1. Can you tell me which lysines have their Cα less than 19 Å from the Cα of Lys245? Leave out same-chain residues fewer than eight positions away.
2. Under a point spin-label approximation (7 Å from Cα along Cα-to-Cβ), what is the Lys204-Lys119 distance to one decimal in nm?
3. Return one number: the angle in degrees, 0 to 90 and rounded to the nearest 10, between the long axis of the Cα atoms of helix 79-88 and the longest principal axis of the Cα atoms of the chain.
4. Treating segment 85-165 as a set of equal point scatterers at the Cα positions, no solvent, please give the Debye-formula log₁₀ I(q)/I(0) at q = 0.15, 0.16, 0.26 Å⁻¹.
5. Taking the chain as a Gaussian network, where each spring joins two C-alpha atoms under 10 Å apart, which residue of Asp81, Asp197, Asp105 fluctuates the most?
6. How much length is gained if the chain between Thr235 and Glu59 is pulled fully straight, taking 0.36 nm per residue apart and subtracting their Cα-Cα distance, in nm to one decimal?
7. Just want to confirm a number: the relative contact order over the chain, from Cα pairs under 8 angstrom separated by 6+ residues, in percent.
8. Between Leu107 and Glu175, what length comes free when the chain is fully extended (0.36 nm per residue of separation minus the Cα-Cα distance, one decimal in nm)?
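Values quoted throughout were computed directly from the atomic coordinates according to the rules given, and no laboratory measurement underlies them. Since we're looking at a predicted model, the values are computed, not measured. We place every Cβ from the backbone using ideal geometry, glycine too, and count neighbours over all the protein chains shown.
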Amino acid sequence: MSILIDENTRVLVQGITGREGMARTKLMLEYGTKVVGGVTPGKGGQTVYNLPVFDTVEEAKEELGDLDASVIFVPAPLVKDAALEAIYAGIKFLVIVPDRVPVWDVLEIAAAAERYGVKFIGPNTLGILSVGKAVVGMIGGRAESARKWFKRGNIGVTSRSGGMTSATSYYLSQEGLGLTTIVHVGGDQVVGLPHPDIVELFEKDPETEAVVMFGEIGGSQEERVADLIEQGKFTKPLFAYIGGKSAKSGTRFSHAGAIIEGGRGTHEEKVKRLREVGAIVVDRFNDLPKVVKEHLRKRG
């Protein structure tokens, strides 16, 4: 199984006629994702890779039938309208790729998503990849690379860093460890599905036997994962690396979601809390694949 997407997920691309939208649509199609159409206001009637383009999400739904997911590739100031349009049209899962989306816009999206029972990943995300089945977003860059780098198996990956999402998954696969689903939760301070929500989904997935988490300074996502373990809501082995060990208070580490403020969200506190509840936290990222392999080997 997979979490959130699989080979049967019917995907709409909002912003499909833009440079990024076209390039990522090609990736998704070539990987095997069931992309069924796209939306760009004013471009209805055109085609992209033989896919129909519509002016609105509602028009796309009327013509194409049920749509399971939408991936958004529009400029940051237009993201809120695009996301709300998809939510109001009844799409239940969104991947919001752009960065620099105003936080108040994200909060409005989140409120509407909760009201309509919608899940979303991002903003500022590479998306999600169900290994061997589908990719929604841009993980892997090219379909050929994604198929070569990431092998199917029983480990889930959740990451706050875009670059380290791919790196973590690649090195695990190089160590002979196969993966179920790869998720980049997004690098902003407010995201739709943070680490705790993703690990809860992995807990319910019978194919995922362990989870690898790439965490960072700032916020409380990693501490909340520790809370889930302590409460018995996540019971599978969790392996983690926390980036930003040398950062001081006020330091912004790579992106908006990774910043220490007032002593909160420090590397030390995150590592301490995770270890307290039994998670295996490595001090060096390069050690992560071997540590995961060794511990899983001992568990049989």
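1. Lys270, Lys272
2. With each label point 7 Å from Cα toward Cβ, the separation is 0.6 nm.
3. Around 80 degrees separate the two axes.
4. Debye curve over Cα of segment 85-165, log10 I(q)/I(0) at q = 0.15, 0.16, 0.26 Å⁻¹: -0.62, -0.70, -1.27.
5. Evaluated over the chain, the most mobile residue of the options is Asp81.
6. Values: separation 176, 0.36 × 176 = 63.36 nm, distance 4.36 nm.
Once the chain is fully extended between Thr235 and Glu59, it gains 59.0 nm.
7. Reported as a whole number, the value is 14 percent.
8. Values: separation 68, 0.36 × 68 = 24.48 nm, distance 3.95 nm.
Here the segment from Leu107 to Glu175 would lengthen by 20.5 nm.
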